[in-house]
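The values are calculated or read from the model by the stated rules, or taken from the named source; none is laboratory data. Remember, predicted model here, so these are calculated numbers, not experimental data. Here the Cβ is made from the backbone with ideal geometry for all residues, glycine too, and neighbour counts use every protein chain on show.
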Amino acid sequence: MLYPIMNHARTAISLDGVWRFRALRQLEVTEQDTLRWNGSYDTMAVPGSYNDQKEDEALRDHYGLVLYQRDVSIPKSLSRERVVLRFGSVTHHAAVYWNGKLIARHRGGFLPFEAEIDPQDMEKNHVLTVSVDNRIDLSTLPVGSDNPGGIFGSALPDIPGVQRKKQNYPNFDFFNYAGIARPVLLYSTPKDYIQDIRLRYTVEGGDAVVQYDIETSEESSACRVELLDEGGNRIAEAEGRQGALNVPGVRLWQPLDAYLYTLRVQYGDDEYEEPFGIRTVEVKGTQFLINGRPFYFKGYGKHEDSEFRGRGLDNVLNIKDIALMKWQGANSFRTSHYPYSEEMMRLCDREGIVVIDEVPAVGVNLNFGSAQGREPVDTFARIQTHEHHREVIRDLIQRDKNHACVVMWSIGNESDTATFPESAVSYYKPLYELAHEQDPQNRPVTLVGLQGRYGNEPALLMMDVICLNRYYGWYVYGGDLDAAKQALKVEMDYWATTGKPVMFTEYGADTVAGLRLATSVMFTEEYQVDYYKANHEVLDELPFFIGEQAWNFADFATSQGINRVEGNKKGLFTRDRRPKLAAHYFRQRWHTIPDFEYKN
């Protein structure tokens, strides 16, 4: 699925703005009832999560369906074109109606979907209605918990006569924002059009060869391809839907030094331009190579999260976040714990930010948090996400396959790989193989490991890179950093025997901004710095350790609970992007650590 663009052959019309909105308080309302919506309505901005846009406690914690609606007029000039309605994301399930007729369904809240529109009666107004369902359970990604206590709670007593409100119980530690979070577009193409572009390349010496594969709606028209440099100069051209283009004296896309070529495809009356960078990625022994050089990841786990907008697209915030990362000397982040917007991916291509691209497979662990104290269960025997997990891997790679910024796919976060290891292998081995099969560039694949037992996780050992979330000095030996360092060293001695590259995709400590003491104790800004220094004393001595991504870039919203005071406070920046003391510590550290050949 190509990102929508506007040029002489294609039109893109934004449907963003203020929509009519209504939350359905009765879960018994059927889908048919959404078609008879009339009468009163509220207002809601698109794109944006609906939860924080109104001062309404019931809406913030809403469980079930909401309706969005707006009028749409299609320019008469498009009557001979193919017209497509496109959603960047709808969380988590969507049913789309055009003039009361169902035209699309989609499950999964973080990837785009679209439907073709019959552009008849161009002079009339059309009514677009979207039914959005935010319910999560054992079949969704992210996974919903079956424990009313939530991920950090305990099983609540069943007291006769007490009725709890119906609500989501996320099996993950971030707020379950919902709604139409990314742009809605009406775009057009010629009737005979370019459907997809797949790129891969080889680099040898100072030259490169770009291999392309163009998918079109028909095969009736000729396909012409041009390769342009960053200045718009044509450096190669070819005919046909498949082929190869020689790039003498190639300028490689480098971390923090991006260079983008453009592939211009002309097919009949249609034309599309795909910007892309040329770079190589390879795992060799215990090294992660970008353009043949050992790369060291410096950066973050992040969230799409901000005041008022929730998970709604905010291009200003994206620009600011990358500027702050560059200010610190960071070079990378992971899209924890779901695919980020296409706009962010294109920005990372342009800015030279390295990305670990993660599917929304978080909470695939029924023995974590809410299950403590119970008999262990076989997560993969109870979970119902098998086929949907395959869908999101295919769809994510289909969307992001040409992005130079993406150097690795993450097929899950903190899954239960130790309790029933054989079940975990049976679940993840086909997904690991699928990711490699789907990617034309065959990038490395990982699965992020949870703090806990280690040494009996064959599912992790299958992966190309060992990515670990570790909290020695916080959840483990919190307040005793000497013990934390000893325990971390013992574990790292084990991973040294695997012969694989290892990195941290999460490590951190909750910190209340402004809480300062001369004596370092937990939750103070001083302790957050000391926590990271203690970890680095161990990690800096490990030649197989290839990167550090702190958890988290900024404080973020979570569900209510006694473990969270207005959200998760592990950010190095506050939610409004003010640096804590640790942000300055990392700025000093990362500017002294080179992006390449740090430990050679």
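Of the residues that sit in the range 180-217 and are among the basic types (Lys, Arg) and within 18 Å of ARG86 (Cα to Cα), which one is modelled with the lowest pLDDT?
Restricting to residues being among the basic types (Lys, Arg) and within 18 Å of ARG86 (Cα to Cα), the top hit is LYS191.
Collect the residues in the range 295-326 that are of a type in the set (D, E, K, R) and either in a loop (DSSP other than H, G, I, E, B) or buried (at least 19 other Cβ atoms within 10 Å of the Cβ) (or both), keeping them in residue-number order.
Hits for the range 295-326 are LYS298, LYS302, GLU304, ASP305, GLU307, ARG309, ARG311, ASP314, ASP321.
Identify all residues within the range 175-199 that are of a type in the set (Lys, Arg), crowded, with 16+ Cβ neighbours inside 10 Å and over 30 Å from ASP314 (Cβ atoms); write none if there are none.
The one that is of a type in the set (Lys, Arg), crowded, with 16+ Cβ neighbours inside 10 Å and over 30 Å from ASP314 (Cβ atoms): ARG198.
From ALA550, ALA582, which residue is under 19 Å from LEU481 (Cβ atoms), outside any loop (DSSP other than H, G, I, E, B), assigned by TED's automatic domain parsing to the domain that holds ALA509 and in contact with a helix residue (DSSP H, G or I) (Cβ under 6 Å, 6 or more places away or on another chain)?
ALA582
Check the range 42-50 and report whether any residue there is modelled with pLDDT of 95 or more, in contact with a helix residue (DSSP H, G or I) (Cβ under 7 Å, 6 or more places away or on another chain) and either in a strand (DSSP E or B) or within 20 Å of ALA23 (Cα to Cα) (or both).
yes
Kindly provide the set of residues from the range 439-495 that are closer than 21 Å to ASN413 by Cβ and of a type in the set (S, T, N, Q), ordered by number.
Of everything in the range 439-495, those that are closer than 21 Å to ASN413 by Cβ and of a type in the set (S, T, N, Q) turn out to be THR446, GLN451, ASN456, ASN469.
Conditions (1) among the β-branched types (Val, Ile, Thr); (2) over 15 Å from ARG334 (Cβ atoms); (3) surrounded by fewer than 21 Cβ atoms within 10 Å (Cβ to Cβ), marked per residue:
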{"residue": "PHE420", "(1), (2), (3)": "no, yes, yes"}
{"residue": "VAL425", "(1), (2), (3)": "yes, yes, yes"}
{"residue": "GLN438", "(1), (2), (3)": "no, yes, yes"}
{"residue": "GLN441", "(1), (2), (3)": "no, yes, yes"}
{"residue": "VAL448", "(1), (2), (3)": "yes, no, no"}
{"residue": "ASN456", "(1), (2), (3)": "no, yes, yes"}
{"residue": "MET462", "(1), (2), (3)": "no, yes, yes"}
{"residue": "ILE466", "(1), (2), (3)": "yes, no, no"}
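Please count how many residues of the range 228-249 are over 13 Å from GLN266 (Cβ atoms) and touching an Asp or Glu at 6+ places or on another chain (Cβ under 8 Å).
Residues in the range 228-249 being over 13 Å from GLN266 (Cβ atoms) and touching an Asp or Glu at 6+ places or on another chain (Cβ under 8 Å): 8 in total.
If GLN588 satisfies all but one of (1) within 25 Å of the chain's Cα centre (by Cα); (2) surrounded by fewer than 17 Cβ atoms within 10 Å (Cβ to Cβ), what's the number of the condition it fails?
Condition (1) is where GLN588 drops out.
Report, by residue number, each residue of the range 438-459 that is over 20 Å from the mean Cα position of the chain (by Cα) and assigned to a helix (DSSP H, G or I).
If the condition is that a residue be over 20 Å from the mean Cα position of the chain (by Cα) and assigned to a helix (DSSP H, G or I), then PRO458, ALA459 are the ones that fit.
How many residues are closer than 18 Å to VAL127 by Cα, in a loop (DSSP other than H, G, I, E, B) and under 25 Å from the mean Cα position of the chain (by Cα) when one looks only at the range 52-99?
Adding up the residues that qualify gives 0.
Under 8 Å between Cβ atoms, at least 6 apart or on separate chains: pull out the pairs that start in the range 253-271 with a residue that is not assigned by TED's automatic domain parsing to the domain that holds GLU81 and polar (S, T, N, Q) and end on any residue that is assigned to a strand (DSSP E or B) and crowded, with 17+ Cβ neighbours inside 10 Å.
Matching pairs, first to second residue: GLN254/ILE290; THR262/LEU227; THR262/LEU228; THR262/GLU274; THR262/PRO275; THR262/PHE276; GLN266/CYS223; GLN266/VAL225.
Tell me, please, whether a residue that is in contact with a Leu (Cβ under 8 Å, 6 or more places away or on another chain) and part of a helix (DSSP H, G or I) can be found in the range 375-385.
Yes, that holds for at least one residue.
Of all residues in the range 523-563, how many are more than 28 Å from ASN331 (Cα to Cα) and surrounded by 17 or more Cβ atoms within 10 Å (Cβ to Cβ)?
Residues in the range 523-563 being more than 28 Å from ASN331 (Cα to Cα) and surrounded by 17 or more Cβ atoms within 10 Å (Cβ to Cβ): 1 in total.
I want to confirm something. Restricting to the range 510-522 and keeping residues that are touching a strand residue (DSSP E or B) at 6+ places or on another chain (Cβ under 8 Å) and surrounded by fewer than 24 Cβ atoms within 10 Å (Cβ to Cβ), which single residue is nearest to GLU597 (Cα to Cα)?
ASP510
Take the residues in the range 491-515 that are free of Cβ contacts under 8 Å to residues at least 40 places away in the same chain and part of a loop (DSSP other than H, G, I, E, B); name whichever of them is nearest to the chain's Cα centre (by Cα).
Step by step, filter the range 491-515, then rank; the result is THR498.
Which is over 25 Å from PRO294 (Cβ atoms), surrounded by 17 or more Cβ atoms within 10 Å (Cβ to Cβ), of a type in the set (Phe, Trp, Tyr) and modelled with pLDDT of 95 or more, of TYR507, TYR471?
TYR471
Filter the range 389-418 for residues that are assigned to a loop (DSSP other than H, G, I, E, B) and among the aliphatic types (A, V, I, L, M); which is surrounded by the fewest Cβ atoms within 10 Å (Cβ to Cβ)?
The qualifying residue surrounded by the fewest Cβ atoms within 10 Å (Cβ to Cβ) is ALA418.
Which of the residues spanning the range 224-270 are of a type in the set (Ser, Thr, Tyr) and in a loop (DSSP other than H, G, I, E, B)?
TYR259
Which condition from (1) under 29 Å from SER145 (Cα atoms); (2) surrounded by fewer than 24 Cβ atoms within 10 Å (Cβ to Cβ); (3) touching a Phe, Trp or Tyr at 6+ places or on another chain (Cβ under 6 Å) is the one that GLY329 breaks?
For GLY329, the exception is condition (1).
Looking at the range 458-469, I want the residues that are closer than 17 Å to GLN287 by Cα and have a partner that is assigned to a helix (DSSP H, G or I) and among the aromatic types (Phe, Trp, Tyr) with Cβ atoms under 8 Å, at least 6 apart or on another chain. Which pairs are those?
MET462/TYR428; MET462/TYR432; MET463/TYR432; ILE466/TRP495; LEU468/TRP495
Which residues, taken from the range 329-344, are in a helix (DSSP H, G or I) and either at pLDDT below 95 or closer than 9 Å to LEU313 by Cβ (or both)?
GLU343, MET344
Any residue at all in the range 271-294 that is part of a loop (DSSP other than H, G, I, E, B) and more than 27 Å from MET463 (Cβ to Cβ)?
Checked against the condition, which is being part of a loop (DSSP other than H, G, I, E, B) and more than 27 Å from MET463 (Cβ to Cβ), the range 271-294 yields no hits at all.
So PHE368 clears everything in (1) hydrophobic (A, V, I, L, M, F, W, C); (2) surrounded by fewer than 24 Cβ atoms within 10 Å (Cβ to Cβ); (3) touching a Gly at 6+ places or on another chain (Cβ under 8 Å) except one condition, right? Which one?
(3)
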